[in-house]
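Asker: My structure is below; once you've seen it, I'll send some questions.
Coordinate-derived values only; no laboratory data. Keep in mind the model is a prediction, meaning the values are calculated, not measured. As a convention, Cβ positions derive from the backbone with ideal geometry for all residues, glycine included, and neighbour counts pool all protein chains shown.
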Amino acid sequence: MREYLLTLCITAAVTYLLTGPVRKFAIVAGAMPEIRARDVHREPTPRLGGIAMFFGLCAGLLVADHLTNLNEVFAKSNEPRALLSGAALIWLIGVLDDKFEIDALIKLGGQMIAAGVMVMQGLTILWLPVPGVGSVALTQWQGTLLTVALVVITINAVNFVDGLDGLASGMVCIAAGAFFLYAYRIWYSYGIEAAAPATLFSAILMGMCLGFLPHNMHPARIFMGDSGSMLIGLVLAAGAISITGQIDPDALKLFAGSEKAAVHQTVPVYIPLLLPLTIIAVPAADLISAIVRRTWRGQSPFAADRGHLHHRLLEIGHSHSRAVWIMYFWSALIAFGSLAYSVNSASMWIVLGVVFLSAIGLVLLLLPRFTPRAPMWAQAFVPPRYRRRGRPVVAEPVEVEQRTPVAVGVAGVNGATALGARSRVPERRKAESSR
């Protein structure tokens, strides 16, 4: 655990320290696109934050390669090298898009190529745990297609949700935290070395997001851009592929019984991780709704609009920061709820806790629909918008002094004073002359 935490801290430190110089480079390079109709920010903000995140990834892998225990991950598996190859390719495509705005179909092709590069180096799905059937071995083509599909879905889900300051990096960090706990439990508790690469990937991913978040929280000083959103989406997908499609469920030995029983026991985590429905449930839901919405309107699924979940939260009446924290809450509830259910799926308290927290989340979500007023004794402890309005204060009438008009031409009075107030231009000139 100490080596994983050290790798996380090194990754976060490198990402944090490099983000400032990268911001200056982005300004000099002109990677500050004009504000579009769907954007929420008011001022042009530099992109290319993914450059710092990529070097943080490289630093994390380099440090892990020189640690005593984590060095075995590089010696026994080729998955870290496969991740680095795919990440470098998708990062280059993202950098070009942040600067030159390349076509969406070209980006889609680049995502598929990056996934194919990882498959060629061994990071692929070998079998699927199917409830009631057992482990179903996949052919080479089936594993390749499924791996590419998972990578493309995850990358675009994270990219679609990157619409508010700190939203994508925070949600992916929460998902990576839950994923790290699950992978570490399989690696440490069950002694399965095949889960070590996924544990390393999730630790590095948390470091990348934590190092970038201080620069990206509202008001953001820099955006990660597609170079960052596609990068963290690919790392998240690589961890899911590594732990879902390459670990034999029967090796877990959750209880004495057949392989089918072991698969059935691990369904709450294996299947959701495979289809990314729990780890990135909110981005995936946003992705599906965006595709359906745009297709129904006769638009391209890649056409940008203001119909994402975070846009709707702003339309309801939430502030920028509150909308981000609400998305954080739902991501944490789904990710850690699934993690708790995978540990003890027979506990009713876990289900009741998730239901209770979901009710609280719905109340927070619909809070702007009604404006509750706090009682008088709690006025000092609530924000001003929840305080009761007092009676309007009626201002007392001010007596206006009646002045006798002075006729024009009276001795000792000039025309300007008779017609109105004396001009203050001479006073201004006198003040300016004294500087």
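Asker: I need the chymotrypsin sites (Phe, Trp or Tyr not before Pro) found in segment 175-248, filtered to DSSP loop residues with at most 14 other beta carbons within 10 Å of theirs.
Answerer: On the way: sites: Phe179, Phe180, Tyr182, Tyr184, Trp187, Tyr188, Tyr190, Phe201, Phe212, Phe223; in loops: Tyr190, Phe223.
Filter output for segment 175-248: Tyr190.
Asker: Just to check I understand the Karplus step: with θ = phi - 60° and J = 6.51 cos²θ - 1.76 cosθ + 1.60, what whole-Hz values come out for segment 327-337, glycine and proline as x?
Answerer: The phi angles translate into 5, 4, 4, 5, 5, 5, 5, 5, 5, 6, x Hz.
Asker: Measure out, as a whole number of angstrom, how far apart the alpha-carbon centroids of segment 167-182 and segment 208-236 sit.
Answerer: 13 Å
Asker: Here is a follow-up. List the pair-distance distribution P(r) of segment 173-230, using every Cα-Cα distance, as the percent of pairs falling in each 5 Å bin from 0 up to the bin containing the longest distance, rounded to whole percents.
Answerer: Computed distribution, short to long bins: 4, 19, 22, 20, 13, 9, 7, 4, 1.
Asker: For segment 1-101, run through the GluC sites (Glu not before Pro) and keep only the ones in DSSP coil with at most 10 other Cβ atoms within 10 Å of their Cβ.
Answerer: Values: sites: Glu3, Glu34, Glu72, Glu101; in loops: Glu34, Glu101.
Passing both the DSSP loop test and the Cβ count: Glu34, Glu101.
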